[in-house]
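Inspection log for the structure reproduced underneath, given as structure tokens.
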Amino acid sequence: MFLNKILFLFIILFFNKIYIINSVPVDDDFNYCEGLKAGLLFFKAQRAGINDPYSEFPWQINSSTKFDTYLNGGLNYHGFGFLSRGYFDAGDYLKITIPLSFSMTTLSWSLLEFKSNIEKCGLLEAYLSALKTGVDWLIAAHPEPNVVYRQCGIKADHSKWERTYEIYIDQNGQPIKRDCSKQIIDVNNPSSDIVLEMCATMSSASKVFESIDSDYSELCKKHALSLWNFGITHQGVPSYVEMYNSYDGYQDEIVWASAWLSFIDPININQYKPYYQDKCNKFKSIYNLWDVVYSWANKLPAACIFIEKNLNQNINVSNLIINYWNTKVPKTNDGLFFIDEWGNNRYSLGGCLLESIWNNNNNNNNNNNNNKSTLNINYSKKQMEIILGNNSNHYSYVSQFGFKNSKLPINIHHRSSHNPINFDKFNPINNQYPIVGALLPGPIDLKDTYYEDRNNYKMNEPAIDYNSVFIGVMASLVNEKSSRVQLSFPIYDENHDPYTIIVATSFKLLIPQKLILFLIFITLIFLNFKK
């Protein structure tokens with residue numbers, strides 16, 4: 001009898017351990033090219049101003065944000081506003097310059113580092129298309145040397161849950177004007193954080209297209225130089241910002257932009273060098289977790305790694321930054337880096353991208369990183385495995401994509417994907433157009449708390465800046481097992497219920513493992529007491 005009880009306890013503990021640690025096993029044959037394609041698909045889903053009858057995304061069949069334009073209301077010869085295209089920022093219909101610019105810089109930097117991997121996947125053309133769509137909009141948002149458009153749409157737009165063709169009407173069906181002139185940046189209203197991040201974007205894009213499209217590369221460089229002069233000459237930030245307030249000021253953007261200009265304009269490096277020289281010394285003693293975070297608000301750790309790797313500056317801080325991530329950044333019970341309750345996965349993968357780039361010696365940019373990379377530190381793969389489903393929630397934190405046997409989120413906080421009826425966030429019950437490849441914010445605490453709930457944006461709203469780091473890390477992980485992928489996209493049918501298809505193809509996920517363990521537990525108790 002005693003041995004039965006010991007056996008009973010052992011079985012319970014054993015199954016509980018399996019549940020916590022190995023609930024969804026790592027897919028050893030996982031094709032990271034598929035992950036890269038999925039990440040690019042989300043950017044394709046976020047395109048605005050598209051009038052494409054053949055689009056795989058139904059909300060792009062009739063052009064959205066057609067009348068987004070400058071303060072003067074001008075339209076181009078197609079009858080479209082000059083700011084009509086670009087990308088929607090997140091699960092909304094806003095276009096916001098600073099996260100878009102950060103995203104495009106990240107995509108460019110990742111391409112420069114991992115181009116051979118992207119080519120191996122057969123995704124270079126799709127990648128360049130995703131990059132150019134964003135850069136084109138940023139060029140349009142800089143119509144004069146000292147003028148930049150900050151955003152299209154306003155914060156109050158978040159209160160409306162609509163389809164794309166309802167952007168220009170209110171909930172009573174009445175026409176409304178969509179505002180792109182909110183806080184225009186000019187010499188009297190400077191915003192150096194945005195202007196100089198755009199400079200970094202244009203510089204990095206100029207480098208990417210240098211050998212692909214020389215005219216476009218020169219256009220990007222022209223804007224980069226103009227933006228740098230604007231941002232340096234008219235420094236400052238507004239006292240009030242409605243959305244995306246860069247909490248740490250703009251000194252990091254000065255370093256970031258100046259470093260990128262030194263990279264593409266080395267003849268004039270002495271003009272830029274004073275703006276980043278000695279600015280990385282703070283990383284010799286790191287006291288604040290947020291100092292090492294790479295995000296739309298903070299580029300300094302990325303800038304210092306870039307400077308040490310690409311500009312022949314022996315500042316000796318990159319290893320310290322990477323080691324801090326490896327040893328000091330808090331982790332959840334599942335082992336996921338944990339920075340904040342909102343959008344945590346973007347921060348985790350931002351740190352992973354820094355590690356991946358610093359440890360990459362395979363690019364063609366004459367980097368100065370030989371024998372300097374951190375020894376035995378490669379946390380990016382493990383973090384990505386947790387995100388793709390190797391966690392105690394059994395969920396992939398990427399919509400409709402992940403390891404075999406992981407649960408794939410469908411009801412994400414995304415208006416176009418949901419396709420609401422009568423502006424109702426809860427009607428229909430399930431998202432009508434599932435989006436593939438959107439990195440979700442993920443767990444909100446150290447206990448890995450996560451559940452699929454469209455109404456919880458802190459767990460379930462994707463954004464383009466999230467996917468930019470996701471794509472960069474995916475590109476870095478492409479290996480000998482990765483194989484070329486086909487650019488085949490899902491065809492959606494308005495008449496079908498996509499949720500039933502997900503259920504049909506993932507039937508084994510319908511029985512939660514917790515329920516299985518509970519039934520085993522009850523059975524064992526019954527047998528034990530019966531004896």
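Key figures
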quantity: Relative packing of peptides 208-214, 381-387 - highest average C-beta neighbours within 10 Å first; calculated: 381-387, 208-214
quantity: Probe 1.4 Å, accessible area per residue of the stretch 73-129, Å²; calculated: 28 Å²
quantity: Out-of-range pairs (alpha-carbon distance over 23 Å; input 95/132; 155/177; 207/382); calculated: 207/382
quantity: In range of the label at residue 144: residues from the stretch 173-213 whose backbone nitrogen is under 14 Å from the point 7 Å along Cα→Cβ; calculated: 184-190
quantity: Long-range amide H partners of residue 87 with built H, under 5 Å; calculated: 48
quantity: Burial ranking of peptide ranges 470-478, 184-192 (average Cβ count within 10 Å, highest at the top); calculated: 470-478, 184-192
quantity: Whole-number accessible area per residue in Å² for the stretch 406-474, which is evaluated in the context of all protein chains at 1.4 Å; calculated: 29 Å²
quantity: Cα-projected label distance for residue 362 with residue 214, points at 7 Å along beta-carbon direction, nm; calculated: 3.0 nm
quantity: Amide H within-cut-off set for residue 395, under 5 Å, with H built and near neighbours excluded; calculated: 407
quantity: Average accessible surface area per residue within the stretch 193-315, 1.4 Å rolling probe, Å²; calculated: 39 Å²
quantity: DSSP-loop trypsin sites (Lys or Arg not before Pro) across the stretch 384-456, with at most 14 other Cβ within 10 angstrom; calculated: 404, 425, 447
quantity: Mean separation of Cα contacts under 8 Å, 6 or more apart, over the residue count of the stretch 154-279: relative contact order %; calculated: 26 percent
quantity: Highest to lowest packing among 435-444, 140-149, 168-177, scored as the average C-beta count within 10 Å; calculated: 435-444, 140-149, 168-177
quantity: Amide H within-cut-off set for residue 81, under 5 Å, with H built and near neighbours excluded; calculated: 67, 68, 76
quantity: Relative contact order for the stretch 199-351, counting Cα pairs under 8 Å that sit 6 or more residues apart, in percent; calculated: 19 percent
quantity: Chymotrypsin sites (Phe, Trp or Tyr not before Pro) within the stretch 317-365: DSSP coil, no more than 13 neighbouring Cβ in 10 Å; calculated: 342
quantity: Unit Cα scatterers, Debye sum, the stretch 104-163: log10 I(q)/I(0) for q = 0.19, 0.20, 0.21 Å⁻¹; calculated: -0.82, -0.84, -0.86
quantity: Neighbourhood charge, 14 Å Cβ-Cβ cut-off, centred on residue 43 and excluding it, Lys, Arg +1 and Asp, Glu -1; calculated: +1
quantity: Dipole of the stretch 409-494, positive end: most advanced residue of 426, 412, 464 [Cβ charges, Cα centre]; calculated: 464
quantity: Charge context of residue 456, other residues only, Cβ under 12 angstrom, K/R +1, D/E -1; calculated: -1
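The values are calculated or read from the model by the stated rules, or taken from the named source; none is laboratory data. This structure is a prediction, so every number in the text was calculated from the model and none was measured. With ideal geometry, Cβ positions are generated from the backbone for all residues, glycine too; neighbour counts draw on all protein chains shown. We work out accessible area using only protein heavy atoms, side chains counted, and drop any ligands, DNA or RNA first. Shrake-Rupley method; radii C 1.70, N 1.55, O 1.52, S 1.80 Å.
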